[in-house]
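Visitor: Below you will find the structure I want to go over with you.
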Amino acid sequence: ALAGRVPLGAFHSAATNLISSDTNGFQDVFARPFRKPGGYFVLDDKGGIFTFGSAVFRGSVPSLRAAGSPVGSADIVDLEVTPSGNGYYVLDDKGGIFTFGDAGFHGSVPGLRASGVQIGDAPILDMAVTPTGGGYLILDAAGGIFTFGDAVFFGSIPQLRNSGVNVGSAQGVDLAITPTGAGYLILDTIGGIFTFGDAVFQGSVPGLRSSGVQIGSAPSIRLAMMPTGNGYLVLDDVGGMFTFGDANFFGSIPGLRNSGVQIGPAEGVDLALTPLGAGYLILDDVGGVFTFGDGEFFGSIPQLRSQGVQIGPNESIRLDPVATLTGG
């Protein structure tokens, strides 16, 4: 596997083809790939949804609140599109699930608590939908896994620790399910990879470092699995990209900056692979979108603002645990 920062790719600070958006105060944002070619969703940490290209708006946490639904005040941490592309899930840091379009509700962490299951207080960070769309997994900050619907439990970081495996102080930050749904990977903050079920270990950031590759100290925040299941990419919080297995490197935010592209103090907050795995998009903490390989640009938050869309103040702060999360 190779890792590096090469001045490839293109940055876009403008948006086109806005279909629908929430205009609540925009803060940290998280993107997930729209699984039909031609668009993507952007989620803000209040649960607002912004759609670009062919992505279709089907509701948001603010719209539920405006309609009188009791959605609480928990921080929003993740967005996952259904396999059909006709719906999506929004996850909060208590493990609450909000469903839109054809996304089916299969349970939540608060629901488990209410049923008497003993669950710690580690914040919820991420989720992954099974390939069938009939279930999902939820990851907490301790590396714990919760399964719902047809999702299957294959292990967790706490279970490894309890069984005597030396995992150090590893904590989960991101989760990626394999294409078969029969396994998953968990990423920790230093770029360590933990594999479960049929997930195959292809390398890690600590492994690169121990082999002599010069890598900075930026925390790893996002993980994306290749469609083949034979590789994955890791994103750090300055937009650096590391590739393993059959994943290809097409560029990074530091590479763009080093090539002279004026991109300001952008930091990577999320990573989305294109459908064939021949490119990717990186989202920064003000909603800018960077495209690499066959990644296609359909819009960004900064362009919406430049077009006069009222989105609220530009908040670039990273809120825990939202600010330390992605991929998947």
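Visitor: Report yes if GLY181 is farther than 21 Å from VAL234 by Cβ, assigned to a loop (DSSP other than H, G, I, E, B), touching a residue at least 40 places away in the same chain (Cβ under 8 Å) and of a type outside the set (A, V, I, L, M), otherwise no.
Guide: Working: farther than 21 Å from VAL234 by Cβ: yes; assigned to a loop (DSSP other than H, G, I, E, B): yes; touching a residue at least 40 places away in the same chain (Cβ under 8 Å): yes; of a type outside the set (A, V, I, L, M): yes.
For GLY181, the condition - farther than 21 Å from VAL234 by Cβ, assigned to a loop (DSSP other than H, G, I, E, B), touching a residue at least 40 places away in the same chain (Cβ under 8 Å) and of a type outside the set (A, V, I, L, M) - is met.
Visitor: ILE177 - would you say it is in contact with an Asp or Glu (Cβ under 7 Å, 6 or more places away or on another chain) and either buried (at least 24 other Cβ atoms within 10 Å of the Cβ) or at pLDDT 95 or above (or both)? Talk me through it step by step, then tell me what you get.
Guide: Details: in contact with an Asp or Glu (Cβ under 7 Å, 6 or more places away or on another chain): no; either buried (at least 24 other Cβ atoms within 10 Å of the Cβ) or at pLDDT 95 or above (or both): yes.
So ILE177 does not fit the description; no.
Visitor: Ok, one more. Look through VAL167, VAL152 and report the one residue that is more than 20 Å from the chain's Cα centre (by Cα), at pLDDT 95 or above and closer than 28 Å to SER204 by Cα.
Guide: On the way: VAL167 fails: at pLDDT 95 or above.
Testing whether each residue is more than 20 Å from the chain's Cα centre (by Cα), at pLDDT 95 or above and closer than 28 Å to SER204 by Cα leaves just VAL152.
Visitor: For GLY191, only one of the following conditions fails: (1) buried (at least 19 other Cβ atoms within 10 Å of the Cβ); (2) small (Gly, Ala, Ser); (3) more than 18 Å from the chain's Cα centre (by Cα). What is its number?
Guide: Against the list (1) buried (at least 19 other Cβ atoms within 10 Å of the Cβ); (2) small (Gly, Ala, Ser); (3) more than 18 Å from the chain's Cα centre (by Cα), GLY191 comes up short only on (3).
Visitor: I've got another one for you. Taking the condition in contact (Cβ under 8 Å) with a residue 60 or more places away in the chain, in a loop (DSSP other than H, G, I, E, B), surrounded by fewer than 24 Cβ atoms within 10 Å (Cβ to Cβ) and in contact with a strand residue (DSSP E or B) (Cβ under 6 Å, 6 or more places away or on another chain), does ILE311 pass?
Guide: Working: in contact (Cβ under 8 Å) with a residue 60 or more places away in the chain: yes; in a loop (DSSP other than H, G, I, E, B): yes; surrounded by fewer than 24 Cβ atoms within 10 Å (Cβ to Cβ): yes; in contact with a strand residue (DSSP E or B) (Cβ under 6 Å, 6 or more places away or on another chain): no.
Spelling it out, it is not the case that ILE311 is in contact (Cβ under 8 Å) with a residue 60 or more places away in the chain, in a loop (DSSP other than H, G, I, E, B), surrounded by fewer than 24 Cβ atoms within 10 Å (Cβ to Cβ) and in contact with a strand residue (DSSP E or B) (Cβ under 6 Å, 6 or more places away or on another chain).
Visitor: Restricting attention to segment 272-291, report how many residues are surrounded by fewer than 23 Cβ atoms within 10 Å (Cβ to Cβ), within 11 Å of ALA224 (Cα to Cα) and either in contact with a helix residue (DSSP H, G or I) (Cβ under 7 Å, 6 or more places away or on another chain) or among the aromatic types (Phe, Trp, Tyr) (or both).
Guide: Counting residues in segment 272-291 that are surrounded by fewer than 23 Cβ atoms within 10 Å (Cβ to Cβ), within 11 Å of ALA224 (Cα to Cα) and either in contact with a helix residue (DSSP H, G or I) (Cβ under 7 Å, 6 or more places away or on another chain) or among the aromatic types (Phe, Trp, Tyr) (or both) gives 0.
The values are calculated or read from the model by the stated rules, or taken from the named source; none is laboratory data. Small disclaimer: the values here were computed from a predicted structure and weren't measured. Neighbour counts are summed over all protein chains in view; Cβ atoms, including those assigned to glycine, are modelled from backbone coordinates with ideal geometry.
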